[in-house]
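Structure record follows, encoded as structure tokens.
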Amino acid sequence: MTRGKWSEPESSPDPRHLPAANSTPDLLKELHIDRAGAKPHKSIGRSWWPWMVVGVLIILGITIFSWFGYRVPVNIRTVPAVAISSNHPVSVLDATGYVVARRTSTVSAKITGRVREVLIEEGQHVQEDEIMATLDPIDASAERNLAIAKLAVISSQVSSIQAQLIEAEANAERMRTLAEQQLVSRSQYDQAISQRDSLRAQLATARRNIESANSQLAIAEIGLDNTVIRAPFSGIVTAKAAQPGEIVSPLSAGGGFTRTGIGTIVDMNSLEVEVDVGESFIGRVTPKMPVEATLNAYPSWKIPAEVIAIIPAADRGKATIKVRIALNQKDPRIVPDMGVRVSFLELPTRDGAPLEGVRMAATAVTQRNQQDVAFVFSDGRVEQRNVVRGTHIGNEVQIVSGLTAGEQVVNDPPDSLKDGARAKLAEDQAR
């Protein structure tokens, strides 16, 4: 508020000489504020005190961040440092693929017919030549009965011709004796010989007819046997395709209304793994190379295996080459089309000499001040270690010095991770 002062008259008359009626109003009129003499009040510090507050807040924030950075645990994941042994191979290449069956079959009937009975179910184990289904045998049975009747007729003809031939041979022999004695004419003897030879020819023809009838009967038997569908080999039924009353045919003559198969069986002893390996890495794979397979369904189960063959053909679209891998362990848990991850193993050597030190995931090594370091996790804190890299072993790296076997090393350490910082395992890894 602006200061003011009272202004007094130059001379103060004696109140006794002032008129009595005007004394009070006149005095009030003489009172006024002198604004010319007021001095402005200076505001101390208004120009710099906001900057002082901002500076204090920044310093406080840095202090709090530093305090929490060393005291609030950082979520991490760890990988083990494993000792390198010249007696134990290590992974030099990883690949993914699927379990496949080299021996699988969709069983179908050889003839077209109506299904009478199906004797299989999914998951059932069948032996070789075990009956899986039967077709309606009416037509096949009729053809077999007809073949049997024809054979019977021809067989009876053979018996009749044989009896006539015996009589004709005896007559011809008798005529020969009489002709030599000139008791009968030569023409009678020739007639007896001709009759004998004719019956011999008829008997030969009848016998060939019997062979033909037997062949027709065998064909009819095969046709009847074709109504019984058997397993071509021992295996597990993976699919049941037909039901009683449906028409099945080896050819889909009926379109979508005709089944072409009864079911599918798989020989579980023929299971193997097929993986696609990139062209740039195929040089690391050799036949008979040891392999460790891990099913996606059982990640903790390591299955011993080995390379069967490298297929000599490349996929130009994917730039890969197919590799066949044999599973050395048979188990009911292994089924076709399961996803699998394989590791091609090799003894850890370099230039023929065994490697030393430890091995771990290459992603666990980072750099601080242009120096390779790793963070070892122990008792809730991390310790920064200077390490010396060696050779790469697949997706892993050899650590010549700086780490010992059995230590847990932080995988993919963040740039903010410092020596001595508190840390804890991620929830899924801890679980």
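The values are calculated or read from the model by the stated rules, or taken from the named source; none is laboratory data. These figures come from a predicted structure and were not determined experimentally. Here Cβ is always computed from backbone atoms with ideal geometry, including for glycine, and neighbour counts include all displayed protein chains.
Comparison of SER378, SER401 shows that the only residue that is assigned by TED's automatic domain parsing to the domain that holds ALA81, under 20 Å from ASN75 (Cα atoms) and surrounded by fewer than 18 Cβ atoms within 10 Å (Cβ to Cβ) is SER378. Tallying residues that are within 30 Å of LEU146 (Cβ to Cβ) and among the aliphatic types (A, V, I, L, M) within region 168-227 yields 13.
ILE166 meets the conditions (1) outside the structural domain of VAL248 (by TED's automatic domain parsing); (2) closer than 30 Å to ILE325 by Cβ in every case but one. The failed one is (2). All but one of (1) surrounded by 15 or more Cβ atoms within 10 Å (Cβ to Cβ); (2) under 43 Å from the mean Cα position of the chain (by Cα) hold for LYS150; state the number of the condition that does not hold. Of the numbered conditions (1) surrounded by 15 or more Cβ atoms within 10 Å (Cβ to Cβ); (2) under 43 Å from the mean Cα position of the chain (by Cα), the odd one out for LYS150 is (2). In region 404-431, the residue that is nearest to VAL72 (Cα to Cα) out of those that are assigned to a loop (DSSP other than H, G, I, E, B) and among the small types (Gly, Ala, Ser) is ALA421. Scanning region 118-141 for any residue that is at pLDDT below 90 and touching a Gly at 6+ places or on another chain (Cβ under 7 Å) turns up at least one such residue. Just one of the listed residues (ILE334, ILE303) is in a strand (DSSP E or B), at pLDDT 90 or above and β-branched (Val, Ile, Thr), namely ILE303. Scanning region 294-318 for residues that are hydrophobic (A, V, I, L, M, F, W, C), touching a Ser or Thr at 6+ places or on another chain (Cβ under 8 Å) and more than 16 Å from VAL100 (Cα to Cα) yields TRP301, ALA314.
Within region 116-134, is there a residue that is in a helix (DSSP H, G or I) and either at negative phi or among the charged types (D, E, K, R) (or both)? No: region 116-134 contains no residue that is in a helix (DSSP H, G or I) and either at negative phi or among the charged types (D, E, K, R) (or both). Determine, yes or no, whether THR286 is assigned to a strand (DSSP E or B) and of a type in the set (S, T, N, Q). So THR286 fails the test.
So that you can scan it fast, the table gives a plain yes or no per residue for (1) touching a residue at least 40 places away in the same chain (Cβ under 8 Å); (2) assigned to a helix (DSSP H, G or I); (3) of a type outside the set (S, T, N, Q):
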| position | (1), (2), (3) |
| --- | --- |
| GLY261 | yes, no, yes |
| THR264 | yes, no, no |
| GLU272 | yes, no, yes |
| THR294 | yes, no, no |
| VAL307 | no, no, yes |
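Summed over region 201-229, residues that are more than 22 Å from SER156 (Cβ to Cβ), in contact (Cβ under 8 Å) with a residue 12 or more places away in the chain and hydrophobic (A, V, I, L, M, F, W, C) total 3.
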